[in-house]
1. Within 16 Å of the ligand (Cβ to nearest atom) and touching a Pro at 6+ places or on another chain (Cβ under 9 Å), is that true of Phe17?
2. Identify all residues within the stretch 114-164 that are of a type in the set (D, E, K, R), touching a residue at least 40 places away in the same chain (Cβ under 8 Å) and more than 17 Å from Ile200 (Cα to Cα); write none if there are none.
3. Quickly run through the stretch 86-113 and pick out the residues that are of a type in the set (Phe, Trp, Tyr) and touching a residue at least 24 places away in the same chain (Cβ under 8 Å).
4. If I ask for residues that are within 16 Å of the ligand (Cβ to nearest atom) and open to solvent by less than 20 Å² (accessible area, probe 1.4 Å), which ones from the stretch 73-102 would you list?
5. Among the numbered criteria (1) within 14 Å of the ligand (Cβ to nearest atom); (2) on the phi < 0 side of the Ramachandran plot; (3) not basic (Lys, Arg), which single criterion is violated by Gly224?
6. May I ask you to list pairs of residues, at least six apart or on different chains, whose Cβ atoms are under 8 Å apart, with the first in the stretch 209-221 being closer than 20 Å to Ile187 by Cα and the second being among the charged types (D, E, K, R) and part of a helix (DSSP H, G or I)?
7. Please work out which one of (1) of a type in the set (S, T, N, Q); (2) part of a helix (DSSP H, G or I); (3) under 16 Å from Tyr163 (Cα atoms) is the condition Thr221 fails and give its number.
8. Among the listed residues Leu115, Leu142, Leu159, which satisfies the condition of being more than 24 Å from Val208 (Cα to Cα), in contact with a strand residue (DSSP E or B) (Cβ under 6 Å, 6 or more places away or on another chain) and buried (at least 16 other Cβ atoms within 10 Å of the Cβ)?
Amino acid sequence: MLDRKKYILASNWKANFTLEEAINWFEIVSRLNYPDLRIIAAIPYPYIHYFATRYNNIDVFSQNISHVLGGAYTGEVTISMLKSVGFRGSIVGHSERRHLFNESNQIINKKVLILQENSTEIILCIGETLEERKEGKTERVLYDQIISALNGFSRFELLTVAYEPVWAIGTGIPISPHDLTEAERFIRKIFEDKFGVKNIILLYGGSVDKEFAKVIRNQTTLDGALIGSASWKPHNFEEIIRIFVEH
Ligand code: 13P
């Protein structure tokens, strides 16, 4: 029997899509049924209930979650709200949250622990800035982000890590295959050495397109990708999906 890997392709919609566009995307993407593939859609809060209850072959995630459990926190969206509308998990620590909304490693840790407490899946994003890379601090930054986010965490079956170098997000310039392989090795080693976890589920994100999907698929041992703009047009996403399942 062919030993095929179950790939994960996660589409991060960010702050995009009307309901009509969202329905069109789900209609097209949900027709693709591959046993070796898990599709995740990290979508805006208002659409979670609609899609989580209608399409069972696409796992609906939120892009963020509140670090508080409830109460007088105007505008926050909590774990109990998200669970009650059927979400499967949440992205935590996306670089846009870290850099544009000043989310600290401590806040990210709180979110991770809330999700753990509720037996809900987590896609933890980590990644260095260009300045940090140029100064040779990449490994230090990744190490600190992992260790601080996972303080008090033990349910690794709930965790997926997404390595997203900040400078590669939305720029059209993905990391080089060589640097990606080095980062993958380094991240996997942290999980083995610090937590005794072999084969942590690890995705890459940052300007993934059809061409770079081939790099991930054929030149690394990653488990898949977290994709922004190249996944927003359903037919583009479909082309990327086919690279993972048909090669
Ligand atoms: P792009 O694929 O648009 O670079 O975005 C990556 C990302 O931020 C996924 O979370």
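1. When the stated conditions are applied, Phe17 passes them.
2. Residues of the stretch 114-164 that are of a type in the set (D, E, K, R), as a first pass: 117, 121, 128, 131-135, 137, 139-140, 144, 155, 157, 164.
From what's left, touching a residue at least 40 places away in the same chain (Cβ under 8 Å): 121, 139, 164.
Correct list: Glu139 only.
3. Initial filter on the stretch 86-113 (of a type in the set (Phe, Trp, Tyr)): 87, 101.
Correct list: Phe87 only.
4. Taking the stretch 73-102 as the starting set, the residues that turn out to be within 16 Å of the ligand (Cβ to nearest atom) are 89-101.
The answer is Gly89, Ser90, Ile91, Val92, Gly93, His94, Ser95.
5. For Gly224, the exception is condition (2).
6. Going by the 8 Å Cβ cut-off, the qualifying pairs are Thr220/Glu184; Thr221/Glu184.
7. Failing condition for Thr221: (2).
8. Values: Leu142 fails: more than 24 Å from Val208 (Cα to Cα); Leu159 fails: more than 24 Å from Val208 (Cα to Cα).
Criteria check complete, one pass: Leu115.
The values are calculated or read from the model by the stated rules, or taken from the named source; none is laboratory data. This structure is a prediction, so every number in the text was calculated from the model and none was measured. No Cβ is skipped: glycine too gets one built from the backbone with ideal geometry, and neighbour counts run over all protein chains shown. When the accessible area is computed, the model is the full protein with side chains, heavy atoms only, and any ligands, DNA or RNA have been set aside. Shrake-Rupley method; radii C 1.70, N 1.55, O 1.52, S 1.80 Å.
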